[in-house]
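The values are calculated or read from the model by the stated rules, or taken from the named source; none is laboratory data. Values in this document were obtained by computation on a predicted structure and should not be read as measured data. Please note: Cβ atoms are built from the backbone with ideal geometry, for glycine as well, and neighbour counts cover all protein chains shown. In case anyone asks, the SASA skips ligands and DNA or RNA and just uses the protein heavy atoms, side chains included. Shrake-Rupley method; radii C 1.70, N 1.55, O 1.52, S 1.80 Å.
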Amino acid sequence: MDEFGIIETFFKRRPQSSRVLLGIGDDAALMEGPAGHAYVLTTDTLVAGVHFPDGAPGFDVGYKALAVNVSDLAAMGARPLGFLLNLTLPTVDEAWLTRFRDGLSALSEGLAMDLIGGDTVRGPLSVTITAIGEVLQGEALRRDGARVGDRIYVSGFLGEAALGFLARAGRVAVPEEFLADVVARLDRPKPRIAEGQALRSIASAAIDLSDGLVADLGHILKASGVGAEIDLRRLPVSDAYDAVFSTVGYDPALGFGDDYELCFTVPPERLPAFHHILPRFGCGFHYIGDIVAGESLVLRTETGVYIPQALGFNHFRG
Ligand code: ADP
Ligand code: MG
């Protein structure tokens, strides 16, 4: 049983309260708030030795723990409000804690997100953050709104975090000039908060790419009851990725995850409004394919249908 099987089998229930506007199954939950608003709630855990190497710099651990949560707020089009921090520490290392706190602040200060509570206990190093945001009711970006004929886009470049990981592990020789960039994309991803907010009135569905395009677009398809066709020649990759493409192929960009870009769908009638906001965003939004009838995700290259080896990160997959 994989992580999604566990959630479906043991935890997913129809909400009892009508104030739960959206429960388990999206990037974040929506709870009815005051004055036509909804609270947007999401939590994610990073465990030493699983999500980051033992001995990783405190700054990066703090930054990334918050970034992956903020990215889920971005995927809902939410405005960040604050966060809770649950810290499990093996020992008290004040120098590490200072750097960890600085990593958190590096992201939270720019977003005016306050740390409003949490818990601190002893045990193997792990960090859980619960991020809270808000959105006007009915305006949140969800996974279940994609319709046949919508175009599929992603922000930024895919596979950068994968290259950072593979380079650091000594498994791929990324040219020196790109090394710092791809490692930064792995350690300090930039959650697309402004982009998510701008897409609220434009995208029909959205998700952030934590587990890789194939897995995460798959969640949109399942929630929306549709299929998709992706043209791999349109996959947005950086010069760094191009430089190693002959060694790594498409798979790191499709299946590794950790890029924290947004993948979203745009109905044809909203394309003019979409093109209007495009120049505001430096990351770029790239058209990669279309929503089609059915339930499968088909990846096309110039020579035919491509079957990836890596299908996305999933805890417990046997
Ligand atoms: P994301 O990658 O966007 O953080 P996940 O894949 O971790 O989302 O989780 C998928 C959905 O399942 C989310 O709505 C999440 O809140 C929910 N979920 C995950 N674990 C649990 C759990 N133990 N109990 C209830 N809901 C859970
Ligand atoms: Mg997510």
Check your understanding: Do we have residue 186 as touching a strand residue (DSSP E or B) at 6+ places or on another chain (Cβ under 6 Å) and either in a helix (DSSP H, G or I) or within 16 Å of ligand 1 (Cβ to nearest atom) (or both) here?
Key -> no
Point to revise | Residues of segment 47-72 satisfying the condition of being among the aliphatic types (A, V, I, L, M), buried (at least 20 other Cβ atoms within 10 Å of the Cβ) and either within 13 Å of ligand 1 (Cβ to nearest atom) or over 20 Å from the mean Cα position of the chain (by Cα) (or both) | key: 65, 67, 68, 70
Exercise for review: Please enumerate the residues belonging to segment 122-152 that are in a loop (DSSP other than H, G, I, E, B), under 30 Å from residue 296 (Cα atoms) and in contact (Cβ under 8 Å) with a residue 24 or more places away in the chain.
Suggested key: 139, 140, 141, 142, 143, 144, 145, 146, 147, 148, 149, 150
Check your understanding: Looking at residue 231, is it at positive phi, open to solvent by 20 Å² or more (accessible area, probe 1.4 Å) and among the acidic types (Asp, Glu)?
Key -> no
Check your understanding: Could you say which residue among 138, 170, 118, 82 is away from ligand 2 (no atom under 16 Å from the Cβ), within 30 Å of residue 245 (Cβ to Cβ) and not acidic (Asp, Glu)?
Key -> 170
Exercise for review: Out of the residues in segment 181-215 that are surrounded by fewer than 24 Cβ atoms within 10 Å (Cβ to Cβ) and within 12 Å of ligand 2 (Cβ to nearest atom), state the one that is farthest from residue 164 (Cα to Cα).
Suggested key: 215
Review point. Just for segment 106-121: of the residues that are among the hydrophobic types (A, V, I, L, M, F, W, C) and touching a residue at least 40 places away in the same chain (Cβ under 8 Å), which one is surrounded by the fewest Cβ atoms within 10 Å (Cβ to Cβ)?
Key: 106
Exercise for review: Tell me which of these residue 191 doesn't satisfy, since it passes every other one: (1) part of a helix (DSSP H, G or I); (2) within 16 Å of ligand 1 (Cβ to nearest atom).
Suggested key: (1)
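Conditions tested, residue by residue: (1) among the small types (Gly, Ala, Ser); (2) under 30 Å from residue 51 (Cβ atoms); (3) in contact (Cβ under 8 Å) with a residue 24 or more places away in the chain.
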residue: 226; (1), (2), (3): no, no, yes
residue: 232; (1), (2), (3): no, yes, yes
residue: 248; (1), (2), (3): no, yes, yes
residue: 252; (1), (2), (3): no, yes, yes
residue: 255; (1), (2), (3): yes, yes, yes
residue: 283; (1), (2), (3): no, yes, yes
residue: 291; (1), (2), (3): no, no, yes
residue: 294; (1), (2), (3): yes, no, yes
residue: 301; (1), (2), (3): no, no, yes
Practice item. Would you be able to tell me the number of residues in segment 73-96 that are open to solvent by 30 Å² or more (accessible area, probe 1.4 Å), out of contact with any Leu (no Cβ under 8 Å at 6 or more places or on another chain) and farther than 26 Å from residue 137 by Cβ? Key: 7
Point to revise | Filter pass, residue 11 being farther than 25 Å from residue 164 by Cα, without any contact (Cβ under 8 Å) to a residue 40 or more places away in the chain and among the aromatic types (Phe, Trp, Tyr) | key: yes
**Study point:** Near pairs, Cβ below 6 angstrom, 6+ apart or cross-chain, from segment 153-172 (in the same structural domain as residue 53 (by TED's automatic domain parsing)) to any residue that is open to solvent by 60 Å² or more (accessible area, probe 1.4 Å) and at pLDDT 95 or above
**Key:** none
Review point. Under 8 Å by Cβ, and 6 or more places apart or on different chains, what pairs join a residue from segment 25-40 that is closer than 13 Å to residue 130 by Cβ and within 16 Å of ligand 2 (Cβ to nearest atom) with one that is open to solvent by less than 30 Å² (accessible area, probe 1.4 Å) and hydroxyl-bearing (Ser, Thr, Tyr)?
Key: 28/42; 29/42
